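Peer 1: This is the structure I want to talk about, given as structure tokens.
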Amino acid sequence: MNWKLTVALVMVAIAVAIVAYINPFAENMERRAGSPWFYQVSMDDVVSIDIKSYDDQVVFHKIGPGKWVFDDPEGVPTDPYRWGGIVLLVSGPRTSRDFSTVRKTVEDPSEYGLHEPGLIVDVGLTGGRELQFRLGDTTTDGDSHYGQVSGFSELFLVADAWGDVLTRLAKEPPIPSWYVKRDTADIKEFHVALGDPEEDSTPALRLKQEGDVWSVRNFLV
């Protein structure tokens, strides 16, 4: 064998041995292992989302691919501008850290605000499966919430922005801009138009209240 080739092979072997010994990738591997998932489910498996934040609660359910509606007001679709990405959020976030290596169980939920959590989310899944998670107090630096999946002992730190987005859904439901809820006592008259009302302001139908009596006029007749 050519002596130059022999020397080259020896040098390669030494280099491989040094890399294996030093392992410069160990830090990256350790960092990945230190950022576990809070939980993980498939987006396609999510069929309902029930969000409760203290006295505020809102429930959504899926009626078709990418189509979500409110349970109350029943059948009203979600605002697409605010709903985009919500199902991805509830499919599971990564966390800052889990405490299971330090404390296997949460012996005192009040220590983390989990006895009266600020956010409780029930995620309905296909096949009648369910998943519930809770977010309690924020950490002292204000960057994370203490979180726990019901039925499991592990305690996690979840980014506060993730919890804030879900909390806002309960406090400010994503009602579409065209849906306006009014007190029926305030309604005295309304018109029904066909086509674009900006091009033709003449209504097809008018309902008007005079005293206690409602009258109807069909302008097409």
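Peer 1: Considering only the other residues whose Cβ falls under 12 Å of the Cβ of Ala193, what net charge follows from Lys and Arg at +1 and Asp and Glu at -1?
Peer 2: -3
Peer 1: Another question, then. Under the classification rounded if a/c is under 1.5, otherwise prolate if a/b is larger than b/c and oblate if not, where does segment 46-165 fall, given a ≥ b ≥ c as square roots of the Cα gyration tensor eigenvalues?
Peer 2: Prolate, because a/c is 1.5 or more and a/b exceeds b/c.
Peer 1: Let me ask you something else. Could you pull out every residue, at least 5 positions away or on a different chain, whose amide H is within less than 5 Å of the one on Leu205? Hs are placed 1.01 Å off N in the peptide plane, and Pro or chain starts have none.
Peer 2: Val192, Phe219
Peer 1: For Arg82 and Val221, calculate 0.36 nm times their separation in residues minus their Cα-Cα distance, and state this gained length in nm to one decimal.
Peer 2: Full-extension gain reported as 45.8 nm.
Peer 1: Scan around Asp137 for amide H atoms under 5 Å from its own, H built in the peptide plane at 1.01 Å from N, and keep only partners 5 or more places away or cross-chain.
Peer 2: For Asp137, the qualifying residues are Gly113, Leu114, Tyr146.
Peer 1: How many nm separate the modelled label positions at Thr184 and Asp200, each set 7 Å beyond the Cα in the direction of the Cβ?
Peer 2: 3.1
Peer 1: I'd like to check one number: the per residue accessible area of segment 70-221, probe 1.4 Å, reported in Å² as a whole number.
Peer 2: Using a 1.4 Å probe on heavy atoms only, each residue of segment 70-221 averages 64 Å².
Peer 1: A further question on this structure: If we sort 187-196, 57-66 on the protection proxy, mean other Cβ atoms within 10 Å, highest first, what's the order? Intermediate values should be presented prior to the final figure.
Peer 2: Values: 187-196: 11.2, 57-66: 14.3.
So the order, starting with the most tightly packed, is 57-66, 187-196.
The values are calculated or read from the model by the stated rules, or taken from the named source; none is laboratory data. Only a predicted model underlies this, so the values are computations on that prediction, with no experimental measurement involved. Cβ sites come from the backbone with ideal geometry, for glycine too, and all protein chains shown count toward neighbours. The protein model used for the area step is the full one, side chains on, heavy atoms only, and it has no ligands, DNA or RNA in it. Shrake-Rupley method; radii C 1.70, N 1.55, O 1.52, S 1.80 Å.
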